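Notes follow once the structure below has been shown.
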2 protein chains.
Amino acid sequence: MTAHNQPESQAASAAEQDRGKFHRRPITPAEAQRRIAGYVRPAETEQVRLEEAGGRFLAQTVTAPHPYPHFRRSGMDGYAIIADDLLEASSDHMIWLEVVDNIPCGYTPSVSIQSGQASRIMTGAMVPDGADVVVMLEMTETRVEQERTWVGIKRQVEAGRNITPIGLEVKEGDTLLEQGACIGAGEISVLATFGVHTVTVYRRPQVAVFSTGTELLSVDEPIEPGKIRNSNSLMLAEQIRAAGGEPHLLGAVEDDLELARTMMMNALAKYDLVVSSGGVSVGDYDVMGDLVRSGEVEMLFNKISMRPGSVTTGAVKDGKLLFALSGNPGACFVGCELLVRPTIRQMMNSTHDYLPEWTAQLGRDYSKINSFTRYVRGHVSVENGQVIAYPALLDESNVMVTIKDSDCLIVIPPTTEPMPAGTPVSILKLAVQ
Amino acid sequence: MTAHNQPESQAASAAEQDRGKFHRRPITPAEAQRRIAGYVRPAETEQVRLEEAGGRFLAQTVTAPHPYPHFRRSGMDGYAIIADDLLEASSDHMIWLEVVDNIPCGYTPSVSIQSGQASRIMTGAMVPDGADVVVMLEMTETRVEQERTWVGIKRQVEAGRNITPIGLEVKEGDTLLEQGACIGAGEISVLATFGVHTVTVYRRPQVAVFSTGTELLSVDEPIEPGKIRNSNSLMLAEQIRAAGGEPHLLGAVEDDLELARTMMMNALAKYDLVVSSGGVSVGDYDVMGDLVRSGEVEMLFNKISMRPGSVTTGAVKDGKLLFALSGNPGACFVGCELLVRPTIRQMMNSTHDYLPEWTAQLGRDYSKINSFTRYVRGHVSVENGQVIAYPALLDESNVMVTIKDSDCLIVIPPTTEPMPAGTPVSILKLAVQ
């Protein structure tokens with residue numbers, strides 16, 4: 001027997017030890033999420049300028065400092081008048097009103113409107129006191145006589161037409177945005193409208209990412225037999241960034257308990273959250289598992305009744321959460337979406353912490369059976385208003401290539417029967433660009 | 001009559017001039033998109049490190065430099081053996097094979113397997129030559145005799161089990177990612193797996209953003225009667241960023257043709273794309289419209305048969321596109337999603353340039369009728385696998401507050417009849433975080 005870093009006599013005892021590791025008590029994915037949520041601590045807050053707030057999560061609830069619109073706004077180019085002045089108007093009888101003002105956008109009216117008067121007004125401009133309607137330009141004619149301008153109208157109009165009342169959209173003191181809201185274009189529009197030029201947001205959770213495995217090459221190394229490149233760290237970094245966190249890539253460590261311990265402890269000391277991949281399977285070098293079992297961290301779970309990623313481990317130390325995800329790319333991806341993403345978002349008080357769950361129909365037969373819930377990478381299509389979810393053809397945990405084509409995870413409950421196309425299923429919608 | 005920046009005698013002639021502006025020839029939204037697409041020029045390219053490539057668009061097609069997996073990979077912790085060696089195995093008859101190697105992840109096997117031999121192997125490790133199956137650890141027992149280790153198995157196994165063949169996921173030379181692909185976590189996983197540590201991506205299109213309107217206050221100014229804050233510029237900046245562009249905020253100019261001309265010409269000279277809001281409505285200060293009509297830029301359209309935003313104007317100068325969007329927040333938002341976002345993505349060769357179009361059912365009655373196609377802000381809900389789209393209760397073009405709550409645009413075709421709940425409709429899905 002040829003050994004690698006191990007004395008020969010350990011072969012049998014390692015197998016014995018492995019058997020001990022089989023006895024992990026699985027908990028459900030929901031229970032794992034519940035246990036994690038109990039340890040989430042809110043991120044710190046910081047002030048950012050509104051133009052840099054896109055994608056950040058609000059750490060304050062914002063209320064309206066004034067109504068919106070805050071003045072009676074004209075919805076048309078035309079003339080602001082008193083509706084009752086047109087009571088006698090008809091196609092045979094044009095009413096002439098004297099034009100006493102011209103109100104472009106951004107100006108205040110110079111005069112109030114009295115009976116018999118009109119103000120020329122632009123879309124978006126402030127309606128003068130006295131006026132109760134804006135008549136659109138297309139309904140009018142004008143004449144100038146002795147340097148006085150008159151506007152003629154042949155139709156009756158309903159009071160209130162083309163005037164947006166004060167506070168139609170928002171009353172003063174209304175809640176504009178809740179704490180935890182993710183700031184997108186619509187939120188920015190609201191905040192800018194109300195003059196909120198700096199916002200208090202949650203600091204992006206600082207997330208350490210590393211991988212364990214002697215088989216790992218860095219991405220810029222040439223390929224070698226038996227080795228694979230450390231793709232999980234970079235994939236996790238992007239998932240973390242998309243979730244709202246700031247990833248810190250610490251690289252990879254060999255399958256060595258001491259190296260992994262040092263890496264993990266340093267990461268826990270320095271960052272808000274730690275995510276590793278690899279070193280959790282039931283094998284010789286289950287270093288993250290050993291570390292968790294050593295008692296240096298408080299274990300939350302080391303098995304989840306799900307595929308892929310049943311060996312996912314969660315732990316906490318000094319109030320900071322640690323996730324040891326499977327090294328299989330598919331399992332690593334799913335574990336991050338199901339456990340790490342919600343954690344990052346909960347740290348920022350997001351109400352959209354978990355992936356949105358939709359109902360759908362299975363797009364093709366799915367024949368794998370399992371006593372665990374399976375999260376199958378898939379693709380959503382909407383056909384005649386019906387959501388159809390197609391499972392990826394290669395969905396094993398160690399398959400990498402189908403991750404990029406997936407925009408959902410199809411939830412296959414524990415089952416002993418193959419599921420035919422058309423079966424109603426739940427899906428978790430992934431955020432894709 | 002009190003004038004603002006205008007001699008009194010202009011009141012009538014301005015109205016006359018306005019009438020001239022009514023005669024715009026509308027084109028359909030699809031035709032507007034087609035005209036724009038004809039002028040899109042690809043963005044320049046740049047190299048970025050893979051860890052910074054998230055959200056960027058690939059400017060190269062990437063093919064596989066090697067198969068994946070590039071070695072026969074064990075899917076289990078166990079023993080690599082020859083399946084035929086177990087032909088006599090049964091619950092009554094354990095077959096004993098000599099353990100001749102121990103292959104952790106990341107190592108190459110030291111020996112080939114001959115009949116009667118086994119190699120201890122870890123999940124993800126390289127299967128030795130000669131072996132054609134990996135038997136999982138749980139199916140085995142071991143004994144050590146005179147410093148030789150033996151593994152006992154009581155069951156027959158099928159050749160090929162627990163071995164991932166070379167190239168199962170990807171063959172050498174396969175296309176991994178197409179030019180124009182948006183790089184997310186899955187794409188990063190693929191690129192990292194194949195050692196692509198720097199990628200050629202499109203430079204983010206540099207997009208100038210400004211607003212026109214004397215009524216505009218900057219976001220940090222106190223509110224004033226008749227004025228509103230310039231919320232559109234910041235909203236557009238976030239939409240542009242989300243589309244993949246890099247916005248440059250140039251501020252706001254008053255309703256003054258010369259100021260607007262200077263702003264637009266400088267922006268066209270310096271940036272790849274120019275987006276303005278305001279100054280296109282049929283009113284006294286249609287400065288962007290006047291500028292386009294002046295012939296200094298080539299007009300593509302100045303009216304689109306859609307609501308909101310029918311007065312949206314598109315033009316081109318020296319091969320650069322200019323969009324003059326409505327100043328109404330709702331219209332500005334929709335115009336950017338329908339016209340600017342696709343342009344930015346087409347510049348980066350994205351195949352996902354237009355908003356994804358889904359079929360859905362209308363969630364509540366929609367009673368507005370129009371001869372133009374209406375893009376109604378709405379909210380998508382999936383109920384029993386059916387996509388239901390709820391129109392916002394306030395969807396006028398000048399309404400700002402419902403933008404943030406919208407995750408789709410419901411396409412209401414030209415109609416003279418109210419549409420009851422349940423009517424099949426098309427929706428354009430907005431990207432939301």
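Values quoted throughout were computed directly from the atomic coordinates according to the rules given, and no laboratory measurement underlies them. Everything numeric here is computed off the predicted structure, so don't read it as measured data. Glycine also receives a Cβ, built like all others from the backbone with ideal geometry; neighbour counts cover every protein chain displayed.
Quick check on the exposure proxy: order A:R24, A:R341 from fewest to most C-beta atoms within 10 angstrom.
Ordered by Cβ neighbours within 10 Å, fewest first: A:R24, A:R341.
If each DSSP helix of 4+ residues adds -39,500 (n - 2.57) and the sum is divided by the residues in chain B, what number results at 222 nm, nearest 500 deg cm²/dmol?
Estimated from H runs of four or more residues: -5500 deg cm²/dmol.
Return the aspartates and glutamates within reach of A:K303: Cα separation strictly under 14 angstrom, same-chain partners fewer than 8 residues apart disregarded; answer none if there are no such residues.
Within the straight-line cut-off, A:K303 pairs with A:E31, A:D286, A:D290.
Can you give the net charge of the other residues whose Cβ lies under 10 Å from the Cβ of B:A118, counting K and R as +1 and D and E as -1?
Net charge around B:A118: -2.
What is the ratio of the Cα radius of gyration of segment A:73-164 to 2.2 N^0.38 Å, where N is its residue count, to two decimals?
Relative to the rule-of-thumb radius for its length, segment A:73-164 sits at 0.96.
Which whole-number percentage describes the relative contact order of chain B, with Cα contacts under 8 Å and a sequence gap of 6 or more?
This gives 16 percent for chain B.
Fully extended, how many nm does the chain gain between A:E138 and A:E221 (0.36 nm per residue separation, minus their Cα-Cα distance)?
Roughly 22.7 nm would be gained on extension.
Roughly how many Å is it from the Cα centre of segment A:219-244 to that of segment B:61-136, as a whole number?
Computed from Cα coordinates, the inter-centre distance equals 26 Å.
Going by average Cβ density within 10 Å per residue, which order do the peptides B:206-218, B:174-186 take, highest to lowest?
The densest-packed peptide leads the list: B:206-218, B:174-186.
Got a sec to turn the phi values of segment B:71-81 into Karplus ³J(HN,Hα) couplings, 6.51 cos²θ - 1.76 cosθ + 1.60 with θ = phi - 60°, whole Hz, x for Gly and Pro?
Per residue, the Karplus-derived 3J(HN,Hα) values read 9, 5, 10, 6, x, 9, 7, x, 10, 8, 9 Hz.
Once you average over the residues of B:117-123, how many Cβ atoms of partner chains fall within 10 Å of each Cβ?
Per residue, the average neighbour count from other chains is 4.
I'd like to know how chain B sits against the 2.2 N^0.38 Å rule of thumb: what's its Cα Rg over that expected value?
In units of the 2.2 N^0.38 Å rule of thumb, it is 1.46.
Excluding same-chain residues fewer than 8 positions from A:K154, which aspartates and glutamates have a Cα within less than 20 Å of its Cα?
Partners within reach: A:D77, A:D84, A:D85, A:E88, A:D92, A:E98, A:D132, A:E138, A:E141, A:E145, B:E16, B:D18.
What number results when the radius of gyration of segment A:357-429, computed over Cα atoms, is divided by 2.2 N^0.38 Å?
Its radius of gyration relative to the 2.2 N^0.38 Å reference: 1.01.
Stretched out fully, how many nm does the piece from A:H352 to A:T416 gain, at 0.36 nm a residue minus the Cα gap?
19.7 nm
Listing B:F57, B:F372, A:F194, B:F333 from the residue with the fewest other Cβ atoms within 10 Å to the one with the most, what is the order?
Going from sparsest to densest Cβ surroundings: B:F372, A:F194, B:F57, B:F333.
Please list the three semi-axes, largest first and in whole Å, of the ellipsoid equivalent to segment B:302-369, using sqrt of 5 times the eigenvalues of its alpha carbon gyration tensor.
The equivalent ellipsoid of segment B:302-369 has semi-axes of 25, 18, 8 Å.
Among the listed pairs A:K171/A:K320; B:K171/B:K320; A:K227/A:K368; A:K368/A:K429, which have their C-alpha atoms separated by more than 32 angstrom in this model?
Over 32 Å Cα-Cα: A:K171/A:K320; B:K171/B:K320.
Only helices at least 15 Å long along their axis, Cα-based, and averaging -0.5 or more on Kyte-Doolittle count here, so list those DSSP H runs from chain A.
Counting only whole DSSP H runs, the qualifying helices are A:231-243, A:257-270.
Identify the residues of segment A:368-385 with backbone N under 12 Å of a label point that sits 7 angstrom from the Cα of A:T28 along the Cα-to-Cβ direction, or state none.
Residues A:373 fall inside that zone.
Quick one: what does P(r) look like for segment B:95-213 with 5 Å bins over all Cα pairs, in whole %?
Pair shares across the bins are 2, 8, 14, 15, 12, 8, 8, 8, 7, 5, 3, 3, 2, 2, 1, 1, 1, 0, 0.
Taking every pair of distinct Cα atoms and averaging 1/r, then inverting, what Kirkwood hydrodynamic radius in Å comes out for the protein assembly as shown?
30.3 Å
Per residue of A:318-330, how many C-beta atoms from partner chains lie within 10 Å of its own C-beta, taken as a mean?
Mean partner shielding for this stretch: 1.
Find how much the distance from B:L249 to B:T61 grows on full extension, using 0.36 nm per residue of separation minus their present alpha carbon separation; answer in nm with one decimal.
Using 0.36 nm per residue and subtracting the Cα-Cα distance, I get 64.4 nm.
In whole Hz, what ³J(HN,Hα) sequence does segment A:165-178 give by Karplus (6.51, -1.76, 1.60; θ = phi - 60°), x for Gly and Pro?
Each residue of segment A:165-178 in turn: x, 4, x, 4, 7, 9, 8, 4, x, 4, 6, 8, 9, 8 Hz.
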